[in-house]
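Visitor: Would you mind keeping the following structure in view while I ask a few things?
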Amino acid sequence: MAVTNGMVSLKHLVTMETLSNEEVLGLIKRGITFKQGKADFHLDRQYFAANLFFESSTRTHKSFEVAEKKLGLDVIEFDAKTSSVNKGETLYDTILTMSALGVDICVVRHSKDDYYKELIDSRTIQASIINGGDGSGQHPSQSLLDLMTIYQEFGTFEDLKVAIAGDITHSRVAKSNMQILKRLGAQLYFCGPKEWYSHEFDVYGQYVTIDEIIDQVDVMMFLRVQHERHDGRESFSKEGYHRLYGLTKERYNRLKESAIIMHPAPVNRDVEIKDDLVEAPKSRIVAQMQNGVFVRMAIIEAVLRGKA
């Protein structure tokens, strides 16, 4: 990994922990350059990308696909439901096959935490791995698009007050963001059900109630309640959750005028955020989705530079 003249080079991107602050800022700024239409980018040969999503996804999957096509890569179709995975093929052998066929970049989402370790340690697999989300582990491209959204708004991370609210234990978005935001100088607060919070996160920020912090934050980041990662034994009331932990109209009105609302989406409307606030003036949820394409273009470009 390296930064030369502001341009980042990566072999893989699997976790935020391996990125330096300089690399993070380099990817954010390059994403902004792509968004502004000012990036000078040309392929030196034909490149192939495959998006291997073993969990459901709309935003991440399709924004990577749009990013790849905007950059001129050939995108190889892959459907886990009709692949040899159904014959018992392992993830390793699926990626090994893609690499042998000449695929340069594999974007992977998988339910297994740290699935990527055996892939990037392989001497045989030549394809670069971009982590599109691993279990309850990391989601680096989502973290980078969140950072890009915050940076566009404030131009800095230093001393910003950022609250992350909701299903924190099960959120790979929260884990990626808390690590890098802390490192970049933000002050972090965590809100939500205590049973969905772990004290291992105390090193990054402070656990508070949403009503204690709502009028002080610069960024109010909500997380999706991940019903699929719970064991079904917990009773859950949408109305109760929204009243205790969600963005109600009353809480929205208490936000600072300069504060912004974020959510990785999909939003459980009237649960994490009241339906008519999803596109409210302080919301940056649509901007996050737009920024996802451009920061993923920056990621792909960095990986291609790393292969040169």
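The values are calculated or read from the model by the stated rules, or taken from the named source; none is laboratory data. The shown structure was predicted, so the numbers you read here are calculated from the model rather than taken from an experiment. Here the Cβ is made from the backbone with ideal geometry for all residues, glycine too, and neighbour counts use every protein chain on show. Accessible surface is based on the protein model in full, side chains and every heavy atom, while ligands, DNA and RNA are left aside. Shrake-Rupley method; radii C 1.70, N 1.55, O 1.52, S 1.80 Å.
Visitor: Which residue, chosen from THR60, ILE32, GLN46, occupies the Cα position most advanced towards the positive end of the dipole of segment 20-85, where the dipole is computed from +1 (Lys, Arg) and -1 (Asp, Glu) charges on Cβ about the Cα centre?
Guide: Checking the options against the dipole of segment 20-85, the answer is ILE32.
Visitor: Using modelled backbone amide H atoms (1.01 Å from N, in-plane), which distant-in-sequence or interchain residues come within less than 5 Å of GLY133's amide H?
Guide: Close amide H contacts, sequence-distant or interchain: HIS110.
Visitor: Something else about it: If one computes the Cα centroid of segment 287-308 and of segment 92-148, what distance in Å separates the two points?
Guide: 15 Å
Visitor: Scattering from the C-alpha atoms of segment 140-284 alone, worked out with Debye: what is log10 I(q)/I(0) at q = 0.12, 0.14, 0.16 1/Å?
Guide: -0.43, -0.59, -0.79
Visitor: Let me ask something else about it. In debye to the nearest 20, how big a dipole does the chain give about its Cα centre with +1 on each Lys and Arg Cβ and -1 on each Asp and Glu Cβ?
Guide: Using Cβ point charges on Lys, Arg, Asp and Glu, the chain gives about 500 debye.
Visitor: What does the accessible area per residue of the chain come to in Å², with a 1.4 Å probe and no ligands, DNA or RNA counted?
Guide: Here the residues of the chain average 45 Å² of exposed surface.
Visitor: Please name which of SER141, VAL203, ALA308 has its Cα lying farthest along the dipole of the chain towards the positive end, using unit charges on Cβ (Lys, Arg +1; Asp, Glu -1) and the Cα centre as origin.
Guide: Working it through, the farthest residue towards the positive pole turns out to be ALA308.
Visitor: Modelled label-to-label distance, ASP40 and GLN216, 7 Å Cα→beta-carbon offset: nm?
Guide: 4.8 nm
Visitor: Angle check, please: helix 172-183 long axis (alpha carbons) against the longest principal axis of the chain (alpha carbons), in degrees 0 to 90, nearest 10.
Guide: Between helix and principal axis, roughly 80 degrees.
Visitor: Placing unit charges on C-beta atoms (Lys and Arg positive, Asp and Glu negative, everything else neutral), compute the dipole magnitude of segment 140-284 about its Cα centre in debye, rounded to 20.
Guide: 140 debye
Visitor: What does the highest-first list of 155-162, 98-105 look like by mean Cβ count within 10 Å?
Guide: The densest-packed peptide leads the list: 98-105, 155-162.
Visitor: Computing the accessible area with a 1.4 Å probe over protein heavy atoms, can you report the carbon and sulfur percentage for the chain?
Guide: 47 percent
Visitor: When DSSP assigns beta bridges and you keep just the ones with both residues in the chain, what percent turn out antiparallel, to the nearest 5?
Guide: About 10 percent, rounded to the nearest 5.
Visitor: Give the long-range amide H neighbours of GLN138: residues separated by 5 or more places, or on another chain, with amide H under 5 Å away, using H modelled in the peptide plane at 1.01 Å from N.
Guide: Correct list: ASP114.
Visitor: Taking the Cα atoms of the chain, report the difference between the largest and smallest coordinate on each principal axis, in whole Å and largest first.
Guide: The Cα atoms of the chain stretch 55, 46, 34 Å along their principal axes.
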